[in-house]
Amino acid sequence: MTRERYDRQIPLLGADGQERVRDASVFIAGAGGLGSPSAIYLAAAGIGRITIADFDTVDPSNLNRQILHWSDDVSRMKIDSAREKLEKINPDVEIDVISEKIDENNVSKLVGGSDLIVDAMDNFRARYLLNKAAIARNIPLFHGAVHGFVGQATTVIPGETACLRCIFPNNPPEGVFPIIGATCGVVASIQVTEVLKYITCTGTLATNRLLFWNGADTTMSEIPVERDPGCADCKGTGVTRYE
Amino acid sequence: MIIKVKAFARFREAFGKEQDIELDGTATVMDLLTELCAPHDAHDMIFDESGMIKKYVNILVNGRHIQSLSGIKTELAGGDEVAIFPPVAGG
């Protein structure tokens with residue numbers, strides 16, 4: 001079944017591309033609104049190993065968007081719920097789960113064994129930790145964030161492109177905000193598309209661009225972004241392409 | 001000189017999707033924001049009580065956050081593109 005499973009995407013990614021997808025390992029930071037659709041699509045696409053980290057349990061208020069978790073999963077650990085679903089979606093994929101909260105002491109170790117990082121966090125404190133770890137370990141970071149009907153995404157190639165701190169130098173306020181699940185679906189789909197393109201060297205990545213999805217008026221737009229030569233996180237690392 | 005301003009998310013409701021703002025002579029980001037906010041009663045979306053730009057409002061000039069340039073004193077040149085958008089932080 002394995003080959004047949006990927007019949008419709010191999011024409012896009014190539015047979016060797018599919019093998020690269022199989023050989024790839026992806027760290028998904030968070031099993032919530034963005035992490036759920038990201039993990040589902042990555043598993044279905046045949047990523048070799050998915051490591052998903054979340055320390056939380058499923059709350060009824062999660063169920064409108066965190067589609068890895070179903071009604072019967074309320075009060076379960078999100079990683080247990082996630083593992084169960086992902087293994088059923090694609091038994092070929094190795095699923096590793098981590099029940100630790102990402103902090104400055106463990107972030108490097110947590111992401112270190114993966115080839116790519118999907119940012120499915122719900123706050124910028126954690127995103128900055130991922131950003132720094134991605135730069136330190138030279139791991140591409142696929143950013144996504146959502147709020148209400150709007151979302152944003154960009155792809156960070158350490159040492160080459162604008163990093164999260166270049167684009168967003170300040171930590172925005174945190175809190176509970178409105179959201180529909182479909183917004184998460186749009187943004188996570190962009191992130192997964194970027195991941196598959198990166199792995200298979202297909203298409204053009206959303207690097208040095210910040211994409212905005214606006215579900216309220218059904219528009220997608222983008223702005224160019226550049227590296228900050230004085231960026232506290234990526235200054236002096238890797239290839240410096242800025243003038 | 002003409003500065004192109006692009007607004008995103010809820011700022012689009014106040015400023016519209018895209019507009020050209022005409023400024024005289026040497027102008028800074030502060031001059032632009034003052035001009036931009038005037039007809040829209042949107043001052044509170046951008047500035048705090050002390051008249052400073054709210055720290056989490058993202059303002060980029062030609063792809064660079066103004067904090068990495070000269071903040072509100074960043075000088076603008078004709079044809080510059082300024083993007084304004086609120087934080088989007090959820091997941």
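Below are the figures for this structure:
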| read-out | value |
| --- | --- |
| Inverse mean reciprocal Cα-Cα distance (Kirkwood Rh) of region A:1-68, Å | 13.2 |
| Estimated dipole of chain B in Debye, rounded to 20 [Cβ of Lys and Arg +1, of Asp and Glu -1, Cα centre] | 460 |
| Dipole magnitude of the protein assembly as shown about its Cα centre (Cβ charges: Lys, Arg +1; Asp, Glu -1), debye to nearest 20 | 680 |
| Nearby aspartates and glutamates by direct alpha-carbon distance to A:Lys109 (threshold 13 angstrom, same-chain neighbours under 8 apart not counted) | A:Glu100 |
| For chain B, built as a Gaussian network whose Cα springs stay under 10 Å, the top-fluctuating residue of B:Leu69, B:Leu32, B:Leu60 | B:Leu69 |
| Extension gain from A:Thr2 to A:Ile180, taking 0.36 nm per residue of separation minus the Cα-Cα distance | 60.7 nm |
| Two-site FRET efficiency, B:Met1 against B:Tyr56, from Cβ-Cβ distance with R₀ of 22 Å, rounded to 0.05 | 0.20 |
| Mean projected area (nm²) of the alpha-carbon convex hull when chain B is viewed from all directions | 5.9 |
| Rounded accessible area per residue of chain A, 1.4 Å, Å² | 43 |
| Low-density loop positions, trypsin sites (Lys or Arg not before Pro), region A:66-151 - DSSP coil, at most 16 other Cβ in 10 Å | A:Arg76, A:Lys101 |
| Angstrom value of the Kirkwood radius, inverse mean 1/r, which spans all Cα pairs in chain A | 18.1 |
| Heavy-atom accessible surface of chain A: percent carbon and sulfur, 1.4 Å | 51 |
| Subset of A:Lys78/A:Lys101; A:Lys78/A:Lys132; B:Lys6/B:Lys73 violating a 22 Å alpha-carbon distance limit | A:Lys78/A:Lys132 |
| 10 Å Cβ neighbours from other chains, averaged over peptide B:80-89 | 6 |
| Magnitude of the charge dipole, region A:4-59, Cβ model with Lys/Arg +1 and Asp/Glu -1, debye to 20 | 160 |
| Estimated FRET transfer efficiency (A:Phe55, A:Lys235; beta-carbon r; R0 30 Å; 0.05) | 0.45 |
| Chain B, relative contact order [Cα under 8 Å, separation at least 6], % | 42 |
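The values are calculated or read from the model by the stated rules, or taken from the named source; none is laboratory data. These figures come from a predicted structure and were not determined experimentally. We place every Cβ from the backbone using ideal geometry, glycine too, and count neighbours over all the protein chains shown. We work out accessible area using only protein heavy atoms, side chains counted, and drop any ligands, DNA or RNA first. Shrake-Rupley method; radii C 1.70, N 1.55, O 1.52, S 1.80 Å.
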